Amino acid sequence: MTEVLHERALNVLQTVFGYPIFRGEQAEIVELVTGGQDALVLMPTGGGKSLCYQIPALLRPGCGIVVSPLIALMQDQVDALAELGVRAAFLNSSQSFDEAMRTERALRRGELDLLYIAPERLLTARCLDMLDEVQIALFAIDEAHCVSQWGHDFRPEYIRLSVLHERYPQVPRIALTATADADTRQEIIDRLQLQAARQFVASFDRPNIRYQIVEKDQVRRQLLDFIRDEHAGEAGIVYCLSRKKVEETAEFLVEQGVQALPYHAGMDTVKRAAHQSRFLREDGLVMVATIAFGMGIDKPDVRFVAHLDLPKSIEGYYQETGRAGRDGQPADAWMAYGLQDVVQQRRMIDESEADLAYKRMQSARLDAMLGLCETASCRRVHLLQYFGQSSGPCGNCDTCLNPPSSFDATEAVQKLLSTIYRVSQRFGAVHVLEVLRGVDSVRVRQWQHQSLSTFGIGADRSEAEWRAILRQAMAQGLVDVDHEQYGSLRLTEAARPVLRGETTLTLRRYQKPVRQRRAPTAPGSYTEASLSSVQQALFERLKWWRMETARAHNVPAYVIFHDATLREIARAMPISLEDLRQVSGVGEKKLESYGAEIIRLISEPQAA
Ligand code: ADP
Ligand code: ZN
């Protein structure tokens with residue numbers, strides 16, 4: 001019985017989706033749900049959640065109902081399924097009455113395999129009555145963490161989705177999310193009455209993403225070098241904290257010849273939507289955005305995510321960086337980080353109106369984020385540990401590839417702390433570092449700080465080195481910023497034992513930012529095999545063909561074929577439909593629609 005089921009599931013995977021094998025626990029999930037049982041699936045972004053309900057919906061009689069809050073994505077999802085020959089439709093507030101009626105009729109006639117519905121629509125009496133009359137294959141509850149009242153994506157309608165279980169006890173349900181923590185998981189189980197569901201918790205590792213956190217120097221220049229050296233002509237997202245910085249950074253990139261667009265909540269809605277749509281549809285655009293951008297962006301070929309400002313938490317960082325490389329191809333998560341980030345984030349927490357408990361939670365999250373930035377060991381190990389998963393050094397992050405050295409910084413930190421103390425804890429970083437390094441500036445003279453005992457005791461280190469030490473002292477909570485006193489530096493309780501010589505401190509040594517190109521093939525690291533020049537030329541031609549085709553069909557390019565599939569075609573250079581069928585990502589429908597064209601394109605003599 002299960003063997004038969006396995007064969008059938010694999011057959012759908014191969015013929016409809018064109019993929020040779022299931023990934024991770026997909027096969028087990030598909031079989032369980034197809035067999036009529038409930039599942040709770042926790043998988044990182046890009047892990048392959050969609051197939052976990054799409055295939056059972058195709059295998060079971062009736063229509064699979066997919067509940068999703070992301071109505072902006074439904075059109076693209078439905079278009080992508082249509083390209084695969086799957087009969088899908090959606091119901092949400094963005095469509096006309098006529099369109100909705102057409103979809104309802106198709107559902108009643110049993111002409112749909114999958115129906116995407118916004119939760120508020122699903123819960124209307126009209127919609128539930130309609131569902132009473134049709135055969136339902138399953139309910140998929142996507143973005144299931146939206147039931148969590150404590151999460152940032154809370155949707156009140158999600159709580160009422162428990163009605164599905166009460167009303168349709170025979171229909172299997174599958175809840176899916178990329179949110180990892182145990183509390184949210186429990187909340188999903190309780191609120192959706194999923195006590196009987198089997199849980200599948202995938203590894204949250206994203207091995208194809210390379211993590212890099214560099215010291216901020218001239219951040220725009222660093223960003224430009226990074227894009228030019230590693231991602232010229234590729235799609236990426238650059239996150240900034242403020243709208244102003246978004247605008248300025250996008251302008252700067254455009255001036256430098258990078259195709260970039262701004263996106264933030266302060267923009268005119270029409271323009272914002274247009275930018276989002278261009279980013280999804282065109283090849284190789286860079287989106288410069290505040291974190292308002294990205295929820296539910298499932299463009300698979302985003303090659304990098306860059307942060308110009310420190311995210312507030314590791315959860316945020318992981319979610320944002322997770323938008324890179326959903327297609328499994330190599331991608332970069334790059335961040336520039338400096339003293340000012342620590343000061344700014346601390347200030348935002350201090351100055352917020354929230355209550356003490358909330359501020360404390362925010363501080364703890366920020367501290368965890370700072371810990372990630374300052375770690376001298378593998379970033380990935382650190383990240384996964386935060387999500388409760390253990391692992392070994394990855395070989396694909398900056399600290400693995402270029403291990404930072406650490407040093408006994410006890411004496412240096414003592415010098416820094418005493419200087420802060422000597423200037424009566426009433427001056428900011430610039431002044432403190434000038435005194436420490438013995439800079440004879442106007443301000444130092446004005447306060448006669450050149451006569452302090454600590455004046456010049458740190459002359460042996462550069463300003464950049466001292467900034468790195470101060471930043472780490474702040475990250476470790478030895479030094480605090482008094483925002484009501486113009487940003488003056490203060491010592492905390494934790495500074496006492498250090499000053500008294502009772503504790504020693506090890507810090508990361510300052511590294512002058514260097515331009516790091518992707519190493520050819522470090523053993524054990526994650527890289528793709530490169531294409532020969534002939535294959536590369538074919539790949540470029542295939543991309544052109546894809547762009548034209550996508551435009552003609554009015555769908556995003558990746559809906560036609562993913563980069564990975566085109567690259568594989570360029571490598572294999574199939575000369576028959578039979579050969580083309582072997583390429584991962586080429587299913588029966590696409591073979592029928594595009595196979596002949598592609599074979600022709602490959603065999604055409606190349607125009608000079
Ligand atoms: P999620 O919803 O978990 O973020 P998706 O379902 O969008 O992820 O899948 C991410 C990408 O992985 C998609 O491009 C999808 O086509 C691809 N994918 C999923 N399962 C497989 C598989 N078994 N083999 C190859 N590619 C797959
Ligand atoms: Zn690593």
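Having 1 or more residues that are hydroxyl-bearing (Ser, Thr, Tyr) is the bar; report the helices (runs of 4 or more DSSP H) wholly within the stretch 536-601 that clear it.
It comes to 557-560, 563-572.
On the phi > 0 side of the Ramachandran plot and within 16 Å of ligand 1 (Cβ to nearest atom): does that describe GLY322?
no
Among GLN54, GLN26, GLN14, which is the only one that is open to solvent by 30 Å² or more (accessible area, probe 1.4 Å) and within 11 Å of ligand 1 (Cβ to nearest atom)? Even if it seems obvious, please write down each step before you answer.
Details: GLN54 fails: open to solvent by 30 Å² or more (accessible area, probe 1.4 Å); GLN26 fails: open to solvent by 30 Å² or more (accessible area, probe 1.4 Å).
Residue meeting the stated conditions: GLN14.
Away from ligand 1 (no atom under 16 Å from the Cβ) and part of a helix (DSSP H, G or I) - does that describe any residue in the stretch 303-311?
Within the stretch 303-311, the subset away from ligand 1 (no atom under 16 Å from the Cβ) is 304, 306-311.
The next check asks that each one be part of a helix (DSSP H, G or I); those that pass are none.
Looking for residues that are away from ligand 1 (no atom under 16 Å from the Cβ) and part of a helix (DSSP H, G or I), one finds none in the stretch 303-311, hence no.
For LEU81, all conditions in the list (1) in contact (Cβ under 8 Å) with a residue 60 or more places away in the chain; (2) within 14 Å of ligand 1 (Cβ to nearest atom); (3) open to solvent by less than 10 Å² (accessible area, probe 1.4 Å) hold save one; what is the number of the exception?
Going through (1) in contact (Cβ under 8 Å) with a residue 60 or more places away in the chain; (2) within 14 Å of ligand 1 (Cβ to nearest atom); (3) open to solvent by less than 10 Å² (accessible area, probe 1.4 Å) one by one, LEU81 breaks only (1).
In the stretch 203-237, what residues are among the small types (Gly, Ala, Ser) and within 16 Å of ligand 1 (Cβ to nearest atom)?
SER203, ALA235, listed by residue number.
Against the condition over 16 Å from TYR318 (Cβ atoms), touching a residue at least 40 places away in the same chain (Cβ under 8 Å) and within 15 Å of ligand 2 (Cβ to nearest atom), how does LEU417 come out, does it pass?
Considered against the rule, which asks whether it is over 16 Å from TYR318 (Cβ atoms), touching a residue at least 40 places away in the same chain (Cβ under 8 Å) and within 15 Å of ligand 2 (Cβ to nearest atom), LEU417 comes out as no.
Quick check on the stretch 349-366: of everything there that is within 28 Å of ILE209 (Cβ to Cβ) and open to solvent by 70 Å² or more (accessible area, probe 1.4 Å), which residue is nearest to ligand 2 (Cβ to nearest atom)?
Across the stretch 349-366, the extreme among qualifying residues is ARG365.
Write out, first by first residue and then by second, each pair whose Cβ atoms fall under 7 Å of each other, whose residues are 6+ apart or on separate chains, and whose first residue, in the stretch 53-69, is charged (D, E, K, R) while the second is open to solvent by less than 10 Å² (accessible area, probe 1.4 Å).
ARG60/ALA137; ARG60/LEU138
Just give me the residues in the stretch 29-51 being on the phi > 0 side of the Ramachandran plot and either more than 10 Å from ligand 1 (Cβ to nearest atom) or in contact with a Leu (Cβ under 7 Å, 6 or more places away or on another chain) (or both), in sequence order.
Passing the criteria: only GLY36.
Can you tell me how many residues within the stretch 121-136 are over 10 Å from VAL67 (Cβ atoms) and either out of contact with any Phe, Trp or Tyr (no Cβ under 9 Å at 6 or more places or on another chain) or of a type in the set (S, T, N, Q) (or both)? Explain how you work it out, then say what you get.
Narrowing the stretch 121-136 to residues over 10 Å from VAL67 (Cβ atoms): 124-136.
Still in the list and also either out of contact with any Phe, Trp or Tyr (no Cβ under 9 Å at 6 or more places or on another chain) or of a type in the set (S, T, N, Q) (or both): 124-130, 133-135.
So the count comes out to 10.
Looking at SER377 and the list (1) small (Gly, Ala, Ser); (2) surrounded by 15 or more Cβ atoms within 10 Å (Cβ to Cβ); (3) farther than 30 Å from ILE297 by Cβ, which single condition is not satisfied?
That leaves (2) as the condition not met.
The values are calculated or read from the model by the stated rules, or taken from the named source; none is laboratory data. Everything quoted here is computed from the prediction, not taken from an experiment. As a convention, Cβ positions derive from the backbone with ideal geometry for all residues, glycine included, and neighbour counts pool all protein chains shown. With ligands, DNA and RNA removed, areas are computed over all heavy atoms of the protein, side chains included. Shrake-Rupley method; radii C 1.70, N 1.55, O 1.52, S 1.80 Å.
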